[in-house]
Structures are given as C-alpha cells and as structure tokens.
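Novice: Here it is, the structure in full.
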Amino acid sequence: MPRPILATIHPAAVQHNLERARRAAPDARVWAVVKANAYGHGIERVFEGLRSADGIALLDLAEAERVRQLGWRGPILLLEGVFEPRDLELCSRLGLWHAVHCEQQIDWLAAHKTQVPQRVFLKMNSGMNRLGFTPERYRSAWARLNALPQVDEISFMTHFSDADGPRGIVHQVQAFERATQDLPGERCIANSAAILRHGGQAQVRLDWVRAGIVLYGSAPDHPERTAAAWDLQPAMTLSSRLIAVQQLQAGDTVGYGSRFTAEGPLTIGVVACGYADGYPRHCDTGTPVLVDGVRTRTVGRVSMDMITVDLTPVPGAGIGAEVTLWGRAGNGALLPIDEVAQAAGTVGYELMCALAPRVPVLVA
Ligand SMILES: *Cc1c(COP(=O)(O)O)cnc(C)c1O
C-alpha cells in the first residue's frame, strides 16, 4: 500500500465558487485566474469547473498552451504580458491577449511582424508599485499603443494592494478613473477580495473581474470573513491516515525539540503527513486538524513525514483512522485551509501552491 497521504481536487466546488464570484459581480465577465498551475490544484484537474468562465488568466506561456490543448477557445490573458519579443509570436499563434505594463513591451510590439493585431490590457500602477504605468505616464503609453498597427483593442487594468484590508481600494479606484475617464475600452480592476467585498459597486466590477483565490474556496480576507461566510467551498482536500498511536504520561514530550510536554495521560496519533508533503512546518501545537471528521489539534513540531495529533476528542481512533489536514472529511466536516494557514502565519494561497509533488492527487 502506498503511503496514505492524498490530495483530492473538487472541480464541482470550483464551479460553485465561480458562480459565487459571478453573483458578487453581476454582469461583469469573469477571468478565472489559473496561474501557478491553478494555485497548486492543477489546471487540467480544475478545468471542468471553469467551463463557464468568460476567460482564463495566467502568467506562464506554457500554461496558456496547456489551456488551448484542453480545447479552450475563449480568451486567455497573460497577466504579466510577454517576457521577451518572441513570446508575441506565440500570442499570435494561440490568440493570447496580454498585459502591457512597460515601455519595453510596447517597443517589442512595435517591432513585431504580424498579420493579426493583438488585444492588449494596458496596466496602470495605481499604487501597488509592482507593474504598470503610473497615472501620469498612462495616457502617453495608451497613445503609443493606439498608434500601432500591431494592436487591436486596448483595455485597461490595475491591481489592488489592499482589497482585503482596512486601507481599501478607494484611492486606487480614483487614480484609475481619473487617468482613464475619457479613454475608450473595457476595464478590469477587481481581484477576489474586491469582487467579494466591493463587487456590488459598478465602478469596481466594471467590464471584467479577475477571480483567483475565490475559485479555490479560500477567503481572501480571512479571518475577518471565513470561506463559509462567503459561501465558498474548498477545492482541495489534503487527507491522510494515522500510522501509529502513542500513550503519553505526564512529563512525556513529543517530537523534535520536545516542543510539547503532556500535562497528564494523553493519547496521541501519528499522521503520515509532514512538511515534505507541503504541510507548513510553522504550524505549532494547537493547529486544527480533523480525525475521523472530528476536530482536534496538532501537538509538537511538524517533521518531514509526520505530524502528531491529540486524540482526546476521538478516543476510538486507531491506526488507519482518516485524518483531514484541510478541506472536507468523509463525514462532511470542513476544515478551512485558511485556519491552517493562519496557524502557520501565512495565507491559504501559499499552502495550496506548496502542495508537494510527492503527494498523489485524485479528482473527485
Ligand atoms: C493573481 C492575480 C489575480 C487574482 O488574485 P486573487 O487575490 O487570487 O483573486 C488578479 N489579478 C492579477 C494581476 C493577479 O496577478
């Protein structure tokens, strides 16, 4: 028997979450963001759940090719645009739309020989200070693009730094509106957090929204709101089994560094899952975990191949008992990935993306 760890991907949950994003931004077209191999889920594995998307957005040209190979004929958007001039040939061949965030990308377009003009999304740096033209330089970038025969329609996009937090998006929305107000073209500014929290506003949802983490069932603003509160379903379950049970007495310690000491008699289970599977080593004693669908906690340090869990709430659990690290247990109980991420001082995004290659993956 193989080691019992398993990741299960739920395309029906992705489909549910996509419809949830749509409801939050009515009438906007939805880009399904599948960068980083669909946030670690696998593009091919979630694709069935994404058929009703209006477009697929990603970063990597190889991923764009995979999406075309799956038979996707709709729009595909390269969120960071092209990385070198010859990428434009692939854009022509595969019909990719691409972001334009710097002068060099405009130079490359100007030098590109093509029969078919390309659709571009001109990116504004409205305060994030990663990619894009500042509002002051935005209009001249637009004018340059607009004069190129290589360019078809020009759309407008920006990205929010604080859609999930107290600073909010108003300052960036205003900068975007001021710089684009009389330019003709479609607009796209909202990420998952903006869709859920501000999608009710027409000036936020605009023509397109970009749904990323929401598709995978993690709340972008956890712990302020939970996935359940947003009506999102987990797209990934990480599960394993108990491979040993130990009886501790008061004073006994558990694992490397003896980070946990039993205060009295305690039964613990040893789970076949460790940081080499993508379970975060930063999770210390107290991280939530489900055994036979019953909520309990980890004890001691996460090691490469094992973690240890308190069996007090599930005294009947023995070797072979089901353990849910995140996602949905066999009895239907849920453990949000966001809670595990929080215990590790990170976000659900990172945990999904870090699922290790050695973990077998099932689609169900
Ligand atoms: C990743 C990404 C998104 C999606 O972000 P979420 O927070 O996952 O919704 C949207 N827009 C751009 C430009 C991105 O790179």
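The values are calculated or read from the model by the stated rules, or taken from the named source; none is laboratory data. Predicted, not measured: the structure shown is a model, and the values here were computed from it. Neighbour counts run over all protein chains shown; Cβ positions are idealised from the backbone, glycine included. What goes into the accessible areas is simple: the full protein's heavy atoms, side chains included, and nothing from ligands, DNA or RNA. Shrake-Rupley method; radii C 1.70, N 1.55, O 1.52, S 1.80 Å.
Novice: Among DSSP beta bridges whose residues both lie in the chain, state the antiparallel percentage, nearest 5.
Specialist: Bridges in the chain that DSSP calls antiparallel: roughly 50 percent.
Novice: Based on the inverse mean of 1/r over its pairs of different Cα atoms, what is the Kirkwood hydrodynamic radius of the range 236-363, in Å?
Specialist: 14.4
Novice: While we're here: If you average the sequence gap of Cα pairs under 8 Å that are 6 or more apart and divide by the length of the range 11-216, what percent do you get for the contact order?
Specialist: So the answer I get is 23 percent.
Novice: With all protein chains present and a 1.4 Å probe, how do VAL347, VAL82 order by accessible area, largest first?
Specialist: VAL347, VAL82
Novice: Contact order normalised by length for the chain, with contacts defined as Cα pairs under 8 Å and 6 or more residues apart; what percent is it?
Specialist: Once normalised by length, the contact order is 18 percent.
Novice: Counting Lys +1, Arg +1, Asp -1, Glu -1, what net charge surrounds GLU153 among other residues with beta carbon under 13 Å of its beta carbon?
Specialist: Local charge sum for GLU153: -1.
Novice: Largest first, how would THR261, THR114 line up by accessible area (1.4 Å probe)?
Specialist: Ranked from most to least accessible, the order is THR261, THR114.
Novice: With springs only between Cα atoms under 10 Å, which of GLY49, GLY345, GLY74 fluctuates most in a Gaussian network model of the chain?
Specialist: Comparing GLY49, GLY345, GLY74 in a Gaussian network model of the chain, the most mobile one is GLY345.
Novice: If you rank LYS113, LYS123, LYS35 by how much accessible surface each has, with a 1.4 Å probe, what is the order from largest down?
Specialist: LYS113, LYS35, LYS123
Novice: Decide, for the range 11-216, between rounded, prolate and oblate: order the square roots of the alpha carbon gyration tensor eigenvalues as a ≥ b ≥ c, take rounded if a/c falls under 1.5, and otherwise choose prolate if a/b is larger than b/c, else oblate.
Specialist: Oblate.
Novice: Report the net charge of residues surrounding CYS353, where surrounding means a beta-carbon distance below 15 angstrom and charges are Lys +1, Arg +1, Asp -1, Glu -1.
Specialist: Residues near CYS353 contribute -3 overall.
Novice: If you plug each phi of the range 274-286 into the Karplus form 6.51 cos²θ - 1.76 cosθ + 1.60 with θ = phi - 60°, what whole-Hz ³J(HN,Hα) values come out, in order, with x for Gly and Pro?
Specialist: For the range 274-286, the Karplus curve yields x, 5, 6, 9, x, 6, x, 5, 5, 5, 9, 2, x Hz.
Novice: Taking only the alpha-carbon positions of the chain and ignoring solvent, what does the Debye formula give for the base-10 log of I(q)/I(0) at q = 0.07 Å⁻¹?
Specialist: Evaluating at q = 0.07 Å⁻¹ gives log10 I(q)/I(0) of -0.36.
Novice: So, counting K/R as plus one and D/E as minus one, what does the shell of residues with Cβ under 9 Å around LEU78 add up to?
Specialist: Charge balance near LEU78 sits at -3.
Novice: Once you order the gyration tensor axes a ≥ b ≥ c over the Cα atoms, which shape class does the range 1-60 get: rounded for a/c under 1.5, otherwise prolate or oblate by comparing a/b with b/c?
Specialist: Since a/c reaches 1.5 and a/b is larger than b/c, the shape of the range 1-60 is classed as prolate.
Novice: Over the Cα atoms of the range 121-193, what Rg and Dmax result, in angstrom?
Specialist: 12.5, 43
Novice: Check GLU186: other-chain or 5+ apart residues with amide H under 5 Å from its amide H, H built from backbone geometry?
Specialist: Correct list: PHE156.
Novice: Here's a follow-up. Taking a probe of 1.4 Å, how large is the accessible area per residue of the range 77-159, in Å²?
Specialist: Each residue of the range 77-159 exposes 47 Å² on average to a 1.4 Å probe.
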